[in-house]
Amino acid sequence: MSAPRLLVIDDLFGRTLPRQRNPQRAALCGAFLLRDVTGDEDDRAGRPQEVTEPIADAHFWRGQTPSCSPRGTVVENELEGTIALIRRGWQDRRPGEAPWAMILLDLCFYTGRVTAASEAERGEGIPEGRPGDDTPASYFGLTLLERISSAFPGLPVVILSSKAREEVSHRFSALGAIGFLPREAGGSPDELKRYLDVHAVTPDPTGRIVGCSLPLLLALRDARRKGLSGSHLLIRGESGTGKELLAHYVHGLAGGQAARPWVAVNCGSVASNLFASELFGHVRGAFTDARSDRAGKIVLANGGDLFLDEIGAIDPENQASLLRVLEDALVTPVGSDKPERVTVRVLSATDEDIEGRALTGLFRLPLLERLRSGGTVNLPPLRDRLDDLPLLVRSFLEDAEKRVPGAVRGRRVDPQALERLAGWPWVGNVRQLASVVLQAVASYPGADYLVPIHLGPPGEVGAAPPGPLQPEGGRSGAGAPPAGFPRTVDEVIDLLRAFPFAGLGRDELAGRLPRFQEAVRTFLLHYLKVAIAVAPAGRGGTVQYTPAVRSMVYPAALSSMQAKRAIRQFFTHQWVTSDEKVLATLLADPVIRAVYEIAFGPSGADLRKTNL
Amino acid sequence: MRGSVTPPPPWQRRRTAFNHDWLKNQLCVTLGKAVNVLSGRINDPAFLASFPGDVLADWAAHRSEALALPASFERGMSPRALFDVPPLSRLPASVRGWLPEVVHSLWRRRYHVGTMVDTAMRAARSADEAFRDLARAVEPGCSPDSGASRERLLPPTREVRARCEELARAIEKFPSGVRVL
């Protein structure tokens, strides 16, 4: 994995000297263990020093013109050129190229004419300076910092200067620099390394989280900043964005404490009546099937991290129990009266609007506050990090080629295939992409290239739905459905047909069954409403449920009694009866209420078809 | 005059040239690199061949200024100097006979000038001593890039670097101008 890319903006170290290497730059690189990758020095000037284990690759930039200034030259500060250079390495990068991890920025830039006296005093090519160059109120470095902070929010800047920190401490803090590194602190680059470890915008060095797009790297940086505190963390992201991977990443930040426990629980796959036992453990005889003592997941995670996925699936009673454990740091197994002290960090994850659920009382706010006491990290959806598509496809191809027997290894990716993939809505995000690539390799194991036809013709699994998928700029407006959200009935139908359910793992489906059932129930009701709307109205505008039900799934010979029975079966199914709030919500809809009263009474009179 | 900052006096320009342009920007950074070369984290035979000769020569060229700069602070930066130029130079002689000394004494006491100067002088002498130790650690005739030579030079080099950082910090603590309030 390559070292972080630093941009060092400094008049002394960034300048180029004719026919020789810049000795001050070499000294700075030596002091801070940086590898100079600028490439602006003549190899004929001698062999460069070799840093055995650089902590970063440094690109040097003078911030002035000209970059090489023999005696007699007039040197001027170059603001726009510097901003353009930064932009090229931050926003306008080649695909797959990592951005600037951090900027090290000098404060005082001398301008004016290069004279014999100025060179004797400050070094070859350094000018005499003008009034104001050396005045804290007008340091060019602070002007640059102000522009960088406004043009490139998120790009970390550390001041690297020999000037007194106290002169500028308020100003550099207010302008957004994350720290101040005194130049004379070299030789022990630990402080710079600490800045890099926490604040640099860098990819995952382990390679488990693939990608170097800015949205992803900023999320990783956010995770590091918050994860290093050791406090509970909440991870939010759509389904398939890699929340568990990110939790692993945070767990791995402990570095030398690799032996710390890691325990994962999918709250959506644990039945409510077994949740307490699963998390807190039980003693023998606590309930019918409790044949022996069993340690709960929290105890197993003691001293380490507990990952709770799908926290929105925890029911209110279990939320209360979990909150007590987090507050008291005491776990009492089911059936026991002996609490055990635990020290566990909880990394929780959800793809729901958990804050909204907390506001409506469906999720306990105190528990949410505990779970996000160390902060919330948001993972971007795949549609917001399409720059990572080539890297992800490459990574998934390698995995798929290992899994599929006889698959050709190292197949190349046709740019048109990438173009096609880039136009999809990716509702299932990275997991969906992995599935699509796996299916492509499985379907065409001997192909040397991944090409568009491997991704399925329109109308089949893996195909892109028709219609515009992303608004301009790739971002949704306030209150609008997210980019790629189906907007027409055809898009919904195509999405349901195209979604690769077959590629989903068992664990993921099991964890989502309750919500899946809810979604199917909602869909069936909408299906019924559509069918009623399409069916011809009866005499006097009455609701005609028989032709509606018939048009849905039942045969043409369906009688009205059979249709009524079908409707009753729906309303008496546990999908509806398991939660009384569900029926109340359904009956709030006038069409559904009309159908319900037809099926169950009370008066047996048909109601008017309204509000369709 | 109220609220203004006087232009940098000559002492301040000397301090910038010594502390900012040379000590921090060049010597300390070079010593930082030297520590990493000697501990094997950097491979630079050309640097090793000229170490510590180059830094010893560099210190020798700046040694007198390292000692003279803090010693001349009180004379160079005292607000007493403001009475030599308008408008304070237009004060009656009867006032100028005692007021500058009173101002000087108050300034000296308020800003602990004596302590600042003593600290910087001690730091300069301490750095000088560390450079002498480094010079003594060089074994005549011994190859500079031998492991034994690097091992012998590393501790005094670390010490020199630490003392130079201390000197830089001590000189940085001197105020950078005379404020008229």
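Values for this structure:
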quantity	calculated
So residue B:152, is it under 30 Å from residue B:50 (Cβ atoms), modelled with pLDDT under 95 and part of a helix (DSSP H, G or I)	yes
Residues located in the range A:116-135, provided they are touching a residue at least 12 places away in the same chain (Cβ under 8 Å), of a type in the set (A, V, I, L, M, F, W, C) and either in contact with a Gly (Cβ under 8 Å, 6 or more places away or on another chain) or assigned to a helix (DSSP H, G or I) (or both)	A:116
Answer from A:96, A:132, A:46, A:81 - the residue that is farther than 19 Å from residue A:24 by Cα, more than 34 Å from the chain's Cα centre (by Cα), surrounded by fewer than 18 Cβ atoms within 10 Å (Cβ to Cβ) and not charged (D, E, K, R)	A:132
Pairs, first modelled with pLDDT of 70 or more in the range B:123-145, second surrounded by 14 or more Cβ atoms within 10 Å (Cβ to Cβ) and of a type in the set (S, T, N, Q), C-beta under 7 Å, six or more apart	B:134/B:157; B:139/B:149
Every residue from the range A:154-171 that is part of a helix (DSSP H, G or I), away from chain B (no Cβ under 14 Å) and in contact (Cβ under 8 Å) with a residue 24 or more places away in the chain	A:171
Filter pass, residue B:74 being touching a residue at least 40 places away in the same chain (Cβ under 8 Å), more than 15 Å from residue A:49 (Cβ to Cβ), in contact with a Lys or Arg (Cβ under 9 Å, 6 or more places away or on another chain) and within 14 Å of another protein chain (Cβ to nearest Cβ)	no
From A:33, A:6, A:12, A:17, residue being in contact with a Leu (Cβ under 8 Å, 6 or more places away or on another chain) and either among the aliphatic types (A, V, I, L, M) or surrounded by fewer than 18 Cβ atoms within 10 Å (Cβ to Cβ) (or both)	A:6
Hits in the range A:49-65 (condition: more than 19 Å from residue A:190 (Cβ to Cβ), crowded, with 18+ Cβ neighbours inside 10 Å and within 10 Å of chain B (Cβ to nearest Cβ))	A:49
Boolean, residue A:7 is part of a helix (DSSP H, G or I), under 25 Å from residue A:167 (Cα atoms) and not charged (D, E, K, R)	no
Hey, residue A:101 more than 14 Å from chain B (Cβ to nearest Cβ), touching a strand residue (DSSP E or B) at 6+ places or on another chain (Cβ under 9 Å) and at pLDDT 95 or above or not	yes
Single condition residue A:35 does not satisfy, out of (1) within 14 Å of another protein chain (Cβ to nearest Cβ); (2) closer than 27 Å to residue A:90 by Cβ; (3) assigned to a loop (DSSP other than H, G, I, E, B)	(3)
Failed criterion for residue A:69 (all others in (1) part of a loop (DSSP other than H, G, I, E, B); (2) surrounded by fewer than 19 Cβ atoms within 10 Å (Cβ to Cβ) hold)	(2)
Search result, residues across the range A:412-459 that are touching a residue at least 12 places away in the same chain (Cβ under 8 Å) and hydroxyl-bearing (Ser, Thr, Tyr)	A:435, A:449
Selected residue [within 14 Å of another protein chain (Cβ to nearest Cβ) and in contact (Cβ under 8 Å) with a residue 60 or more places away in the chain] from B:48, B:69	B:48
Lone qualifier among A:408, A:427 - being among the β-branched types (Val, Ile, Thr) and surrounded by fewer than 17 Cβ atoms within 10 Å (Cβ to Cβ)	A:408
Residue list for the range B:13-39, restricted to those being more than 7 Å from chain A (Cβ to nearest Cβ) and either farther than 16 Å from residue A:167 by Cβ or surrounded by fewer than 20 Cβ atoms within 10 Å (Cβ to Cβ) (or both)	B:13, B:14, B:18, B:22, B:23, B:27, B:34, B:38, B:39
Pairs with Cβ under 9 Å, 6+ apart, first in the range A:549-560 and small (Gly, Ala, Ser), second modelled with pLDDT of 70 or more	A:551/A:531; A:551/A:534; A:551/A:535; A:556/A:550; A:557/A:550; A:559/A:546; A:560/A:545; A:560/A:546
Pick from the range A:15-29, criterion closer than 21 Å to residue A:100 by Cα and touching a residue at least 60 places away in the same chain (Cβ under 8 Å), ranking: nearest to the other protein chains (Cβ to nearest Cβ)	A:28
Which listed residue is of a type in the set (S, T, N, Q) and under 28 Å from the mean Cα position of the chain (by Cα), from A:332, A:343	A:343
Count of the range A:172-202 residues which are more than 14 Å from chain B (Cβ to nearest Cβ) and either within 12 Å of residue A:159 (Cβ to Cβ) or outside any helix (DSSP H, G or I) (or both)	11
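The values are calculated or read from the model by the stated rules, or taken from the named source; none is laboratory data. Quantities reported herein were computed from a predicted structural model and do not represent experimental measurements. Because the Cβ atoms are built from the backbone with ideal geometry, glycine has one as well, and the counts that use them run over all protein chains shown.
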